[in-house]
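See structure below.
The values are calculated or read from the model by the stated rules, or taken from the named source; none is laboratory data. Since the structure is predicted, the reported quantities are computational estimates derived from the model, not experimental observations. When we count neighbours, we look across all protein chains shown, and the Cβ atoms used for this are built from the backbone with ideal geometry, even at glycine. For accessibility, only protein heavy atoms count, side chains too; no ligands or nucleic acids. Shrake-Rupley method; radii C 1.70, N 1.55, O 1.52, S 1.80 Å.
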Amino acid sequence: MLNDKLKSYLHFHLIVFIWGFTAVLGALISLDAVPLVWYRMLLASGFILIWIKWKKKDLKVTPRQLMVLIIAGLVIALHWLTFFGAIKVSNVSITLALLSTGAFFTSILEPIFYKRKFVGYEIIFGLIVILGLYIIFKVETEYFLGIVLALISAFMGAVFTMINGKLIKYNAPSVISFYELTTGAVAIGVYLLIMTWISEGTAGFGPGFFKLSSQDWMYLLILASICTAYAFIASVAVMKHLSPYTIMLTINLEPVYGIILAFLIFGNKEQMNPQFYYGAAIILTTVILNGYLKTKRKINKFS
């Protein structure tokens, strides 16, 4: 029989694999980024609400916490809008490779959010990440917009992580996720309503907005249920049995899984210049080393 730690480790790998598949689903769904993210956030918030009611969790939050949750919801909406936007104007490989810079942005934001000093090696790693980005920018100029959108998405993801790091001390993860996803869905919904009014019904919630193909509905339901609601709740559960280093190392496999899946599904469309993979490898290796050293410092601090 497998012990809890090994079961959690294998389960977490499955979750990270699912996260990597999210980008592939984004490419398979024919919708533009805005309606895609609206459907994802609306459906996922519904699934999580069902979970909350089933588990009989309390949805009450303080006015101050609600304000922070609303801000976090807007940030995660921007994160996903730029993430799927990057996929639509470039491809999965570009987007996932650049998304791994989120750890670099986190290392910059962490001292600001948690009021600690910058660590010397993090500045050096930051310069190395910039080198990796330079190599990618240099050889993949046709995907310039996709690269910029993916970098914005990575930054927004880092900001979102910092905010949630504070929220998790006071609220259940499912409750936090419900408010954030609902906020994002409402915000995008308001934008779509305004666009509908301005365009007199030709854009926003215009003709055909709700007339999706059966294939798009299937992919959206998988994206909202398995890749969002389930993966989020399950990831919190398995983290109780895993070390921070194991979590960090496993999460960094997300772009690897995603790029491999994209290549298998989309073939030559995902084949990049060899120098792109050099740049991506530099970024990913730096992120892993940064996580390893950060975890080691924390262990030494409390040993």
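Figures for the structure shown
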{"quantity": "Percent carbon-and-sulfur accessible area, the chain, ignoring ligands, DNA and RNA, probe 1.4 Å", "calculated": "70 percent"}
{"quantity": "Kirkwood hydrodynamic radius over Cα pairs of the chain, then Stokes diffusion coefficient at 25 °C and 0.890 mPa s, in µm²/s", "calculated": "121 µm²/s"}
{"quantity": "Extension gain (nm, one decimal) between LEU127 and HIS11, 0.36 nm per residue minus Cα-Cα", "calculated": "38.3 nm"}
{"quantity": "VAL236-ARG64 pseudo-label distance in nm [points 7 Å out on the Cα-to-Cβ vector]", "calculated": "2.1 nm"}
{"quantity": "Globularity ratio of region 1-135, using Cα Rg and 2.2 N^0.38 Å", "calculated": "1.31"}
{"quantity": "Largest-first ordering by accessible area, 1.4 Å probe, given options TRP19, TRP51", "calculated": "TRP51, TRP19"}
{"quantity": "Solvent-accessible heavy-atom area per residue, rounded to whole Å², over region 153-256 at 1.4 Å", "calculated": "48 Å²"}
{"quantity": "Violating pairs (Cα-Cα greater than 25 angstrom) within the set LYS57/LYS211; LYS117/LYS169; LYS60/LYS166", "calculated": "LYS57/LYS211"}
{"quantity": "Kirkwood hydrodynamic radius over Cα pairs of region 25-86, then Stokes diffusion coefficient at 10 °C and 1.306 mPa s, in µm²/s", "calculated": "119 µm²/s"}
{"quantity": "Kirkwood Rh and Cα Rg combined as Rg over Rh, evaluated for region 107-260", "calculated": "1.01"}
{"quantity": "Magnitude of the charge dipole, region 4-118, Cβ model with Lys/Arg +1 and Asp/Glu -1, debye to 20", "calculated": "560 debye"}
{"quantity": "Which of LEU212, LEU253 is most accessible, then next, and so on - probe 1.4 Å", "calculated": "LEU253, LEU212"}
{"quantity": "Highest average packing first - 196-203, 40-47, Cβ atoms within 10 Å", "calculated": "40-47, 196-203"}
{"quantity": "Radius ratio Rg over Rh of region 165-234, counting only Cα atoms, Kirkwood formula for Rh", "calculated": "1.10"}
{"quantity": "Region 54-99-region 173-213 distance, computed between alpha-carbon centres (Å)", "calculated": "14 Å"}
{"quantity": "Accessible surface, per residue, of region 56-103 when the full set of protein chains is kept, probe 1.4 Å, Å²", "calculated": "42 Å²"}
{"quantity": "TYR191-TYR114 pseudo-label distance in nm [points 7 Å out on the Cα-to-Cβ vector]", "calculated": "3.1 nm"}
{"quantity": "Ellipticity estimate at 222 nm from DSSP helix runs (n ≥ 4, -39,500 (n - 2.57)) divided over the chain, nearest 500", "calculated": "-26500 deg cm²/dmol"}
{"quantity": "The chain: relative contact order as a whole-number percent, Cα under 8 Å and 6+ apart", "calculated": "38 percent"}
